[in-house]
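Written below as structure tokens is the structure these notes are about.
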Ligand SMILES: C[S@@+](CC[C@H](N)C(=O)[O-])C[C@H]1O[C@@H](n2cnc3c(N)ncnc32)[C@H](O)[C@@H]1O
């Protein structure tokens, strides 16, 4: 399989919600509320999955929000459509992927991801697209699990090759915040590490980034 290919297995989509029940009920809500806090205007979520963020976009709490989503896995996409239909939210979920977003430059006020960067072939390829579709004063909000420190981190390194096979290319060992901070496409404005989950997914980062001002540097000599 080449690095840019994504392989989807229907079992991952079918088991996703049952496996996530405890996380969604007790651990994720504060962070999903953070991602959706005060949204206004146009929003794009990349990697919608089964639609875990959808209840947080509910139009009763965010009346001015117009939400788009992209999701490449047909099984996830179908479940996301069903979740949208159950909620009072204006959301269009498109079959697509973060590396090739079917939107014009500077379309969105906000781009959101949760749990996407652990599984994409190249985080930077998605960040380039995020920076392109965000308005210059737009915000990119992220929430993802990352490699922990110490013994837990070493166990994640060892487990990742197997975990990727059963978990839709999910990497336990990614240092996602470092990748974001080193990217030429976004500038991290704020970020925090949180111990949220249980082994083997333990440490998360959440934060806000803005599109980097690339290509505007002027030569001074
Ligand atoms: C771990 S799930 C997270 C789903 C959801 N955001 C959540 O918080 O529950 C990751 C999702 O990203 C999707 N995905 C994987 N590669 C992608 C890509 N290159 N572009 C967009 N979505 C992708 C997967 O199909 C899956 O639905």
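The values are calculated or read from the model by the stated rules, or taken from the named source; none is laboratory data. A quick note: this is a predicted structure, and the numbers were derived from the prediction, not measured. FYI the Cβ positions are ideal-geometry reconstructions off the backbone, even for glycines, and counts take in every protein chain you see.
Pairs linking a residue in the range 24-41 that is under 13 Å from residue 143 (Cβ atoms) to a residue that is within 12 Å of the ligand (Cβ to nearest atom) and part of a helix (DSSP H, G or I), with Cβ atoms under 6 Å and 6 or more positions apart or on different chains, are 32/56; 36/56. Screening residue 65 on (1) touching a residue at least 60 places away in the same chain (Cβ under 8 Å); (2) away from the ligand (no atom under 13 Å from the Cβ) shows it passes everything except condition (1). Just one of (1) closer than 14 Å to residue 201 by Cβ; (2) outside any helix (DSSP H, G or I) fails for residue 160. It is (2).
The set of residues in the range 171-193 that are surrounded by 15 or more Cβ atoms within 10 Å (Cβ to Cβ) and either under 16 Å from residue 119 (Cβ atoms) or out of contact with any strand residue (DSSP E or B) (no Cβ under 8 Å at 6 or more places or on another chain) (or both) comprises 171, 172, 173, 174, 176, 179, 180, 183.
Scanning the range 68-83 for residues that are within 15 Å of residue 102 (Cα to Cα) and within 10 Å of the ligand (Cβ to nearest atom) returns 69, 70, 71, 72.
Quick check: anything in the range 29-46 buried (at least 22 other Cβ atoms within 10 Å of the Cβ), at negative phi, in contact with a helix residue (DSSP H, G or I) (Cβ under 9 Å, 6 or more places away or on another chain) and part of a loop (DSSP other than H, G, I, E, B)? No: zero hits.
Given (1) part of a helix (DSSP H, G or I); (2) surrounded by fewer than 20 Cβ atoms within 10 Å (Cβ to Cβ), where does residue 56 come up short, assuming only one miss? For residue 56, the exception is condition (2). Would you say residue 98 is over 27 Å from residue 181 (Cβ atoms), within 13 Å of the chain's Cα centre (by Cα), part of a loop (DSSP other than H, G, I, E, B) and near the ligand (Cβ under 9 Å from one of its atoms)? Taking the combined requirement at face value, the residue does not satisfy it. Counting only residues that are assigned to a helix (DSSP H, G or I) and either without any contact (Cβ under 8 Å) to a residue 24 or more places away in the chain or in contact with a helix residue (DSSP H, G or I) (Cβ under 9 Å, 6 or more places away or on another chain) (or both), the range 165-181 holds 7 of them.
Specify which of the listed residues (62, 109, 105) is over 24 Å from residue 173 (Cα atoms) and modelled with pLDDT under 95.
Among 62, 109, 105, only 62 is over 24 Å from residue 173 (Cα atoms) and modelled with pLDDT under 95.
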